[in-house]
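Engineer: Okay, handing you the structure first.
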Amino acid sequence: MQDSIRLPGDDAIADRTLLDFRGHRLFLRSGGQGGHLLLIHGFPTSGLDWMRLWPALACDHRLHAIDMLGFGRSDKPVDFAYSIAASADQWEALARHVGIDEAIVLAHDYGDTVAQELLARQIEGRLPFRIRAVAFLNGGLFPEAHHALAIQKLLLGPLGPLIARLSSHRRFASSMRRICALPPDEAELREHWNLLMRAGGKRVIPKLLRYIPERKANRERWVGALRSANIPLCLIDGIADPVSGVDIVSCWRKELPGKVVIELDGIGHYPQIEAPERVLAAFRDFAAGPWNA
């Protein structure tokens, strides 16, 4: 399997495979050498988000980037019960498949919440591997500070399936340009759209968006996991993001005093695409801490 456009990380990916998960296919990119690093993507994109970071990260880490069910090149079953818990289960399945004992996590957007659920399971003593540290990019870590787009709210409503059927590349690109200070070019936006639409993607978009009310319903569990994690945590946040920018940073400082936060001026919702060099430098500074000696 190949992606239809070439991005900087493509040549560094040693392995593209399909992983079975409850009878459905998960698309997995792996590569690099060193300790395991899980790259958990956000909504509505895929593991392709990490390609600009891939070559440099692969020098020091064994990388794993799943397209979670409903996203990218993975299956998009209409009858699947999409949830944050189910997405966390997919990362557990990967860990068992690969034989991961411990890993660092780099997460974004929807992936932030998946990482919070994994942390909650670790605190409960039921995660099959050990998370050593987590670096979060822009996402709704604190639901009260997350500002969903109007289109997301509409897709969550009773007309969601109809609105999804009427969605278009033009509207998708417009939303991406609104939330990114330095948005991808047209070719890359088209690739993200094509991956979102493949395998009947329009049918599952409203189901995937249920993660937004899930965050509110599970706030104590998932914010509590951050407070109780007892491992290094870091927030790398593009503060020009209208969805999860300055307000998320403010909540982080209030809820997690002393935990690392790095603000990226002039960067929006997709720091790993908009400013990969700055994200890489911030992540490497974090990973160079005494906890990773």
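Engineer: Being among the small types (G, A, S) and farther than 14 Å from Y110 by Cβ is the filter here, so list the residues in the range 42-63 that pass it.
Structural biologist: Matches in the range 42-63: A56, A58.
Engineer: Take R219 and tell me if it is open to solvent by 50 Å² or more (accessible area, probe 1.4 Å), more than 17 Å from the chain's Cα centre (by Cα) and in contact (Cβ under 8 Å) with a residue 60 or more places away in the chain.
Structural biologist: It is false that R219 is open to solvent by 50 Å² or more (accessible area, probe 1.4 Å), more than 17 Å from the chain's Cα centre (by Cα) and in contact (Cβ under 8 Å) with a residue 60 or more places away in the chain.
Engineer: What do you reckon, is D101 out of contact with any Asp or Glu (no Cβ under 7 Å at 6 or more places or on another chain), crowded, with 20+ Cβ neighbours inside 10 Å and among the charged types (D, E, K, R)?
Structural biologist: Considered against the rule, which asks whether it is out of contact with any Asp or Glu (no Cβ under 7 Å at 6 or more places or on another chain), crowded, with 20+ Cβ neighbours inside 10 Å and among the charged types (D, E, K, R), D101 comes out as no.
Engineer: Select from the range 247-262 the residues that are farther than 19 Å from Y110 by Cβ and either exposed (fewer than 15 other Cβ atoms within 10 Å of the Cβ) or touching a residue at least 60 places away in the same chain (Cβ under 8 Å) (or both) and list them in ascending order.
Structural biologist: S250, R253, K254, E255, P257, G258
Engineer: Got a sec? Which of F172, F142 is within 20 Å of D112 (Cα to Cα) and out of contact with any Pro (no Cβ under 7 Å at 6 or more places or on another chain)?
Structural biologist: F142
Engineer: Checking the structure you have, find out if any residue of the range 268-277 is more than 28 Å from L127 (Cα to Cα) and of a type in the set (A, V, I, L, M, F, W, C).
Structural biologist: Yes: one or more hits.
Engineer: May I ask you to verify whether V243 is touching a helix residue (DSSP H, G or I) at 6+ places or on another chain (Cβ under 9 Å) and free of Cβ contacts under 8 Å to residues at least 24 places away in the same chain?
Structural biologist: It is false that V243 is touching a helix residue (DSSP H, G or I) at 6+ places or on another chain (Cβ under 9 Å) and free of Cβ contacts under 8 Å to residues at least 24 places away in the same chain.
Engineer: Among the residues of the range 106-137 satisfying the criterion of being assigned to a strand (DSSP E or B) and not β-branched (V, I, T), which is most open to solvent (accessible area, probe 1.4 Å)?
Structural biologist: R130
Engineer: Something else: Could you list, in sequence order, the residues of the range 138-160 that are in contact with a Cys (Cβ under 8 Å, 6 or more places away or on another chain) and in a helix (DSSP H, G or I)?
Structural biologist: E144, A145
Engineer: Mind listing whichever residues of the range 51-70 are part of a loop (DSSP other than H, G, I, E, B) and in contact with a His (Cβ under 9 Å, 6 or more places away or on another chain)?
Structural biologist: Listed by number, the residues that qualify are M68, L69.
Engineer: Would you pick out the residues in the range 182-201 that are touching a helix residue (DSSP H, G or I) at 6+ places or on another chain (Cβ under 9 Å) and either of a type in the set (S, T, N, Q) or open to solvent by less than 60 Å² (accessible area, probe 1.4 Å) (or both)?
Structural biologist: Result: P183, P184, E188, L189, E191, H192, W193, N194, L195, L196, M197, G201.
Engineer: Run K76 past the list (1) modelled with pLDDT under 95; (2) of a type outside the set (S, T, N, Q); (3) touching a Lys or Arg at 6+ places or on another chain (Cβ under 9 Å); (4) open to solvent by less than 40 Å² (accessible area, probe 1.4 Å) and report the number of the one that doesn't hold.
Structural biologist: Single failed check for K76: (1).
Engineer: May I pose another question? Which of the residues spanning the range 163-188 are under 20 Å from S244 (Cβ atoms) and either not small (G, A, S) or not in a helix (DSSP H, G or I) (or both)?
Structural biologist: Once the filter is applied, which keeps residues that are under 20 Å from S244 (Cβ atoms) and either not small (G, A, S) or not in a helix (DSSP H, G or I) (or both), the range 163-188 yields F172, M176, R177, R178, I179, C180, A181, L182, P183, P184.
Engineer: Name the residue, out of G224, G268, G289, G238, that is open to solvent by less than 20 Å² (accessible area, probe 1.4 Å), touching a Pro at 6+ places or on another chain (Cβ under 7 Å) and over 18 Å from L39 (Cβ atoms).
Structural biologist: Of G224, G268, G289, G238, the one residue that is open to solvent by less than 20 Å² (accessible area, probe 1.4 Å), touching a Pro at 6+ places or on another chain (Cβ under 7 Å) and over 18 Å from L39 (Cβ atoms) is G289.
Engineer: Give the residue, chosen from W252, W193, that is in a helix (DSSP H, G or I) and closer than 27 Å to R132 by Cα.
Structural biologist: Criteria check complete, one pass: W252.
Engineer: State whether the residues of the range 30-50 include one that is open to solvent by 20 Å² or more (accessible area, probe 1.4 Å), among the polar types (S, T, N, Q) and outside any strand (DSSP E or B).
Structural biologist: Looking through the range 30-50, at least one residue is open to solvent by 20 Å² or more (accessible area, probe 1.4 Å), among the polar types (S, T, N, Q) and outside any strand (DSSP E or B).
Engineer: Among what's in the range 79-105 and is more than 11 Å from the chain's Cα centre (by Cα), of a type in the set (A, V, I, L, M) and outside any helix (DSSP H, G or I), pick the residue that is farthest from C251 (Cα to Cα).
Structural biologist: Among them, the one singled out is I100.
The values are calculated or read from the model by the stated rules, or taken from the named source; none is laboratory data. From a predicted model like this one, the values you see are computed outputs, not experimental measurements. Cβ atoms come from the backbone with ideal geometry, glycine included; neighbour counts cover every protein chain shown. Only protein heavy atoms, including side chains, enter the accessible area calculation; ligands, DNA and RNA are left aside. Shrake-Rupley method; radii C 1.70, N 1.55, O 1.52, S 1.80 Å.
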